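The structure appears right after this line, and notes come after that.
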Amino acid sequence: MDRGISAKARSLVSGAAVGVVVGLLAAIVAVTRPAFLERTEAGTYDERVRAVMNQDDAAKDIVLIDIAESDIEYAENSFGMIWPWPRSVYGEIATYAKKAGAKVVVFDWLYQDRGVVGGAADDEQFAESMKAAGNVVFGLALTTDKLVERPLEGPFAARLAGYETNEEAMAVALKLAAWNVRSFILNRVGKFELWYGGKKNETDVRMQWDTLTKQADLETLFEAPPPPEPPADDKAGEQPVPEEAEKLPPPEPTIARLSANELSQETTVTTLIRERDGIALSGKFPRREGLDPPLAMLATAPARLGNVYQNPEADGILRRHAPLSLHGNVAYPSLSLAALLVGHKGMVPKVEGRTLVLGDKRIELDDDGLITLRYHGHRVYPHVSSFEVLRSSVMVEENTAPSVPFETLKDKYLIVSATGQALRDMRPTPVSTRMLGAEIQATALDNMLNGNAIRRAPVWLDGLIAFFMSVLISGLMILLWRTIRKPGISLVVMAVLTTGIVVAYYLIARAALDGPGVWLAFAAPAIGAGVSAFTTLLALSAVERSGKRFVQEALGRYTSTALVRELMEHPEYLSLEWGESREMSVYFSDIQGFTTISEGLKPEILVALLNDYLTIMTDLVLQHGGVVDKYIGDAIMAFWGAPLPEKDHAKKATRCAIAMRKKCDELRATWHAKFGHEVFARAGVNSGSAVVGNMGSKHKYNYTVMGDMVNLASRLEGANKAYDTFLMVSAATVDRLGGEFDVRELDRIAVKGKDQAVTVFEILDVVGSTDPAWLARARKFEEGLALYRATDFTAAKKIFVENADDPVSVIYAERCDLFIAEPPGDNWDGVWRMKEK
């Protein structure tokens, strides 16, 4: 890692880089609007719609006329009408609405089949009512898929009749179309002849003629045969009048083969719809490949038709509306836009760029040519009973006050739809999972009437917001991380801050939707903010961990890694004011005869020997959980029980001392071969209470231990020389070993500089691991020591001499000689007072 810049600078750079990268990714997602995120965005948008919708904002000039179960029941009881109603009944509704002064009457239906009740006569009566009203709109089916074309079967057709005008011929042709009959209007010598057929042979034409002439609804279309002439010898008035004249079939049809040019004169309802309802507009609108027209005789009657098919979003929810749809090279209005155009005579829709211009209203279209609907709520438009409208029509004819006054319908846009449970058209919307299709049409009409549809923010603005929020969160995370040093508190504050910023932005986005009607992206900025907070936190943690590892590794070369970890977790321990008393064990060691060794080696070889020795010994200290306090030449000072409390500090220190002694024994031959000297190390261990903490000046200090027990440990290490031992411990340490080690008492001594005597022991090995011969010599020594303490120096000497393989016994034999020559007094305490350290 580059250490040329500070940790603070590294964290700033890393955090900022993460914020920028996450911000760019969030911006890209916000701009591209991938499908996986759009579903989430749509969910947040729906929640905002529900939060800001206000029924008081709904247009007051839109009224829904319901055909509910109650209306069907009342109509049957009052008028004897059973469901389905004759279509002439809808004509009555249109007529009454016209009398009341309604602007537009919209029937939210597709009339594609002949009426079930009343047949063609009923359809014709409904058509006449719509024509008379002049303000009726109903549905047109523009389908996504192209309809299957129905080509002519052949060139043969029959002449029906001749008419003075094309309009008369067209009206009859549309009646025939209701029976799926193909017809052709041919202009011949001032007459408009109507032919029907398009069959492959004369027989098929005759079969069609035979079928049509038997239909009561069509009998007036065919020319009647002339009445028969009476016999010449009969006198007028003398013939009896028959009770009922025999009904004669129409005259045989005139059948001919039409030319290709004549066949091209086919009259279709699609042609009429295109000429009346199509709008010459260019723009990016949804394309519909199929046009499935209404029943021909009804298609001519309304003021306009409007497309009823609207595609929901991928999740099935209707959020957007297509005011115009392309079929062929013209655009057709939706049912709602058709109602608006009928209500505003002379209005011609225009498109300027991505803006739909409707008179003085300008409505922004999205990239798909759609508008996003502003919903004001569920059931926010007035509802009127269709039965009451029908009853009011009768009441007006009877000169009584209607139950639905004219004022209720005057200047209103009326939308008639079935709301009965089995009839209703229900769709999911942002405000309701089951919303009437008529209410959705009313919402679209409302939006276009008032020009208050929702505008989705441009992608560049969404991207900019997502980028800004990610970078802002990242910057605040960096600031908090540098300010609040306690990880737990900083994490809580970061989480609260991130949540607060996301909630604040949500409120801003909701206000933008409520006021100016702008749909700001929420999902991408919110997710970007969350990811930015998380990844910035990871980056800052990684930088800090990297810095800690570097410091730990570096400091670990000078002191214990355990100490370093503790200081990393508790920086307050680095204060000079910090320190505490601890129960611990302290270890001292040095190399026997090091002065002699150092005098016989070149400096570089001496350094190599020391480094090798100290490295191995230090590793053992660390492996046994100790802390290396310091090196003093060849001497090592270590301790257990700090900085972390350790109840088994004495056992760990003793095990480490044994391991260090054994390691020296193991490497002695190697070191001798390499450096020319054998290495023996003596050690002393003491346990007790000591002060541990930082000692030194403000410019330099050490984490170390101090106290009388520390000094004693050092003296015990030096006392080994007097007894020719290599590991001496105090009674305080032995008391804490719990019998896990083989030990022998060496003496009661008063080290140099101390008057108080202490009992010292030699550690042999872990119980069960001690060499049996060594253990036997130790126990033999203890027998002699007991006699020595009892001042029976002669008997003691005998045992010590017999145990001559034990260096300590040899030393005690010499002492016995001294005491035999000069016996101690009666007050002798058995303490051996050291003259050297």
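Worth pointing out:
- Yes/no for Glu407 being under 22 Å from Leu340 (Cα atoms), modelled with pLDDT of 90 or more and open to solvent by less than 60 Å² (accessible area, probe 1.4 Å): no
- Among (1) within 23 Å of Leu221 (Cα to Cα); (2) in contact (Cβ under 8 Å) with a residue 60 or more places away in the chain; (3) part of a helix (DSSP H, G or I); (4) not basic (Lys, Arg) - the single one Ser88 does not satisfy: (2)
- Checked against the criterion of being modelled with pLDDT under 95, over 15 Å from Val49 (Cα atoms) and among the polar types (S, T, N, Q), segment 476-485 contains one or more residues that satisfy it.
- Filter pass, Met617 being modelled with pLDDT of 70 or more, crowded, with 17+ Cβ neighbours inside 10 Å and not in a helix (DSSP H, G or I): no
- Checking the stated criteria, Val416 turns out to be among the β-branched types (Val, Ile, Thr) and in contact with a strand residue (DSSP E or B) (Cβ under 6 Å, 6 or more places away or on another chain).
- Residue in segment 747-758 that is open to solvent by less than 60 Å² (accessible area, probe 1.4 Å), among the charged types (D, E, K, R), farther than 29 Å from Gly825 by Cβ and modelled with pLDDT under 95 present: no
- Failed item in (1) touching a Gly at 6+ places or on another chain (Cβ under 6 Å); (2) part of a loop (DSSP other than H, G, I, E, B), with Ala732 passing the rest: (2)
- Residue, surrounded by the most Cβ atoms within 10 Å (Cβ to Cβ), within segment 132-149, restricted to residues that are more than 14 Å from Asn307 (Cα to Cα) and touching an Asp or Glu at 6+ places or on another chain (Cβ under 7 Å): Leu147
- Lone qualifier among Asn711, Asn702 - being surrounded by fewer than 22 Cβ atoms within 10 Å (Cβ to Cβ) and under 60 Å from the mean Cα position of the chain (by Cα): Asn702
- Single residue of segment 252-276 satisfying the filter (within 17 Å of Leu140 (Cβ to Cβ) and in contact with a Pro (Cβ under 7 Å, 6 or more places away or on another chain)) that is surrounded by the fewest Cβ atoms within 10 Å (Cβ to Cβ): Thr270
- Only a single item in (1) open to solvent by less than 50 Å² (accessible area, probe 1.4 Å); (2) touching a residue at least 24 places away in the same chain (Cβ under 8 Å); (3) closer than 14 Å to Asp612 by Cβ; (4) in a helix (DSSP H, G or I) is not met by Ala657, and it is number (3).
- Qualifying residue in segment 601-612 (condition: within 30 Å of Asp735 (Cβ to Cβ) and surrounded by fewer than 18 Cβ atoms within 10 Å (Cβ to Cβ)): no
- Which numbered condition Lys199 fails, given (1) free of Cβ contacts under 8 Å to residues at least 12 places away in the same chain; (2) open to solvent by less than 50 Å² (accessible area, probe 1.4 Å): (1)
- Hey, Gln112 over 20 Å from Ala418 (Cα atoms), over 44 Å from the mean Cα position of the chain (by Cα) and at pLDDT below 95 or not: no
- Hey, Arg374 among the charged types (D, E, K, R) and modelled with pLDDT of 95 or more or not: yes
- Selection within segment 91-110 - open to solvent by 10 Å² or more (accessible area, probe 1.4 Å) and either part of a helix (DSSP H, G or I) or of a type outside the set (A, V, I, L, M) (or both): Glu92, Thr95, Lys98, Lys99, Gly101, Lys103, Asp108, Trp109
- Only one entry in Leu472, Leu445, Leu436, Leu491 is modelled with pLDDT under 95 and buried (at least 17 other Cβ atoms within 10 Å of the Cβ), namely Leu436.
- Considering segment 496-510, the residues that are closer than 15 Å to Phe468 by Cβ and among the aliphatic types (A, V, I, L, M) include one that is least open to solvent (accessible area, probe 1.4 Å), namely Ala509.
- Of the residues contained in segment 179-189, one or more are found to be of a type outside the set (S, T, N, Q), open to solvent by less than 20 Å² (accessible area, probe 1.4 Å) and modelled with pLDDT under 90.
- Conditions (1) under 25 Å from Val810 (Cα atoms); (2) touching a Pro at 6+ places or on another chain (Cβ under 8 Å); (3) not charged (D, E, K, R): number failed by Tyr703: (1)
The values are calculated or read from the model by the stated rules, or taken from the named source; none is laboratory data. Please read these numbers as outputs of a predicted model, since none were measured by experiment. Because the Cβ atoms are built from the backbone with ideal geometry, glycine has one as well, and the counts that use them run over all protein chains shown. We work out accessible area using only protein heavy atoms, side chains counted, and drop any ligands, DNA or RNA first. Shrake-Rupley method; radii C 1.70, N 1.55, O 1.52, S 1.80 Å.
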